[in-house]
Amino acid sequence: RQRVLLWGVLLAACEAAWGQLRYSVPEEIPKGSFVGDVAKDLGLQLPALRDSGVRVLSKGRKQYFALHGKTGHLVTAERIDREQLCESVPECVLRCEMIVEAEMRVYGIAVEIMDINDNAPSFREAEKALRLSETTALGSRFPLVEAHDPDLGRNSLLRYELSGDEHFSLAVQEGPGGDQRPELVLAKALDREEAAFHELVLRASDGGDPARTGTARIRVTVLDANDNAPVFSQAEYTVRVPEDVPVGSTLVTVTATDADEGIYGDVSYSFKKITEKASEIFQLDSETGAIILVRNLDFEEGDSYELEVQARDGGGLSDTIKATIIVTDVNDNLPDISVRSALSEITEDATSGTVVALLYVQDRDSGANGEVRCSLDEGVPFRLEKSFEDYYRVVTARELDREQLSEYNLTVRAADGGSPSLQTSAVLALRVLDVNDNAPVFSQESYSARLGENNLAGALVLRVRATDADWGQNARVRYRLWEGRVRGAPLSSYVSVQADTGALTGDVKLTGPLDYEERKYYEVSVEGKDGGGLSAHAKVHIDILDINDNVP
């Protein structure tokens, strides 16, 4: 096991530079077991890794791996059974992605699950009954039930042994796929009057250390003569069916005939070899040979099934053929859009190309039915970019302007290549934050007013007003006089402006009332400044009106 882990670490170091890590671990290791040092292999620092919002996502419905936040190690999230995940697959590889949200980056991780000898050979039938004629010729061979060991290599099925009776010996033939097929060989003539039954034990052993074994009992019943075996009408049956074929449908009917009469000519059908998964999907009518669908097919779970069907007559003679059922894909899965990471707010001065969302898009169908095209609403300042494999990024296409539109509901659509095409969509809500990019604007460039002399302090002269297109504090305008002097005194001694309302009022508290005979008009400048420091100015001209306040 240490050699396997060392090989996984060396392989990961070679592939890390390409954004793809690869490790290998034995199956059935406990939850939380070490898989690989992801932080080291990617050159990531642990403090930065913990603050970057790192997630590990498996490709599929189950999470088999997790990232240890303190060490940066990839560990198992639960116990992994290679035979359950990768039935009949020589190389079992689980794939996942590590997403670093702060960097909007994705790293691919492949973990090969190595086989251990955790399964003993087993027979689908613990007891096998054979009925043989006493005239059966010496050297006749009879296929026996095969043992199944889901392990690989030396851990899989290695040899068979037969014990129990001198009348029979064991021969093992190699099938087309390299599998071992045990056959019972008649080594000594049968005599029903001497022995009507023979009890045998077939033992299957694997090559593990220590080896595991499984047994099946064989009971041979000696019958009177039966000199014709059943013969199938075809050497092999192949049928193609769509995955949406209704449950209860007859997919194919196999037919065998026997030239004998009576019970020796009656043929019954059974599965000689079938996987546990296929046995839950297909049922064989023992009388008609019809293979019937008993559970819905799913192309994404299995695209072909090979079944071995045996026809046996009443005398125990048999013939075997292979029936292959090929499942064709139907466009029955909608594309799926998963938002892996997204912003909810963005400033209006964000540069073009800023990433606002990371999406994962997939379709479980195959071929054209599984090819997905993604699109974004037209006329918005955003675009879609292909990222890593099935990942897409939503980025800004140009600068934003909050004053034109302060919120976006971006609709991302995914459509597959099926006919008709299936579509799905996801909505991203994004709020544009204000930047102080607008200065106040006065309603008039200049203002004028007429005020009688000898006015009272605090009398309202006029009101100036400036507006700002920004938001919040950036849009709040405060006013003040652009200071000057009159007769050596500050202008504010004569005129003042309220900072919040913009009301321009005369103020004679310091030097006395305004006097037409001394000055007939005043010109002042008012400044309006927003909360962000941008400002504007307006001119105010005040004419002083004469009042008959002087005697001749």
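The values are calculated or read from the model by the stated rules, or taken from the named source; none is laboratory data. Keep in mind that this is a model prediction, so the values were computed, not measured. With ideal geometry, Cβ positions are generated from the backbone for all residues, glycine too; neighbour counts draw on all protein chains shown. Please note that ligands, DNA and RNA were not included when accessible areas were found on the heavy atoms of the full protein model with its side chains. Shrake-Rupley method; radii C 1.70, N 1.55, O 1.52, S 1.80 Å.
Descriptive notes on the structure:
- Residue within segment 123-137 that is touching a Gly at 6+ places or on another chain (Cβ under 9 Å), at pLDDT below 85 and over 23 Å from THR275 (Cα atoms) present: yes
- Taking the numbered list (1) crowded, with 17+ Cβ neighbours inside 10 Å; (2) more than 30 Å from the chain's Cα centre (by Cα) in turn, ASP437 passes all entries but (1).
- Residue list for segment 42-71, restricted to those being of a type outside the set (A, V, I, L, M, F, W, C), outside any loop (DSSP other than H, G, I, E, B) and out of contact with any Cys (no Cβ under 9 Å at 6 or more places or on another chain): PRO47, ARG50, ARG55
- Segment 341-365 - residue that is under 19 Å from the mean Cα position of the chain (by Cα) and open to solvent by 40 Å² or more (accessible area, probe 1.4 Å) and, of those, nearest to VAL106 (Cα to Cα): ALA342
- Strands (runs of 3 or more DSSP E) wholly inside segment 359-468 that include at least 2 residues being without any contact (Cβ under 8 Å) to a residue 60 or more places away in the chain: 372-376, 382-386, 391-396, 407-416, 460-463
- Boolean, GLY379 is at pLDDT 85 or above, on the phi > 0 side of the Ramachandran plot and exposed (fewer than 15 other Cβ atoms within 10 Å of the Cβ): yes
- Some residue of segment 458-466 being in contact with a Lys or Arg (Cβ under 8 Å, 6 or more places away or on another chain), more than 30 Å from ASN550 (Cα to Cα) and at pLDDT 85 or above: no
- Hey, SER58 hydroxyl-bearing (Ser, Thr, Tyr), more than 30 Å from LYS386 (Cα to Cα) and at pLDDT 75 or above or not: no
- Whichever residue in segment 312-340 is hydrophobic (A, V, I, L, M, F, W, C) and open to solvent by 50 Å² or more (accessible area, probe 1.4 Å) and, among such residues, is modelled with the highest pLDDT: VAL339
- The lone exception for GLU83 - which of (1) modelled with pLDDT of 90 or more; (2) touching a Pro at 6+ places or on another chain (Cβ under 7 Å) it fails: (1)
- Residue satisfying condition, being in the same structural domain as LEU359 (by the TED database) and either modelled with pLDDT of 85 or more or open to solvent by less than 30 Å² (accessible area, probe 1.4 Å) (or both), within set ALA489, ALA426: ALA426
- Residues of segment 376-413 that are of a type outside the set (D, E, K, R) and under 18 Å from the mean Cα position of the chain (by Cα): SER387, PHE388, TYR391, TYR392, VAL394, VAL412.
- Against the numbered list (1) in contact with a helix residue (DSSP H, G or I) (Cβ under 7 Å, 6 or more places away or on another chain); (2) closer than 25 Å to ALA102 by Cβ, TYR408 comes up short only at (1).
- Residue among GLU87, GLU103, GLU125 that alone is in contact with a helix residue (DSSP H, G or I) (Cβ under 9 Å, 6 or more places away or on another chain), open to solvent by 60 Å² or more (accessible area, probe 1.4 Å) and of a type in the set (Asp, Glu): GLU87
- Within segment 185-209, being in contact with an Asp or Glu (Cβ under 8 Å, 6 or more places away or on another chain) and under 28 Å from SER122 (Cα atoms) holds for ALA187, HIS198, GLU199, LEU200, LEU202, ARG203, ALA204, SER205, ASP206, GLY208.
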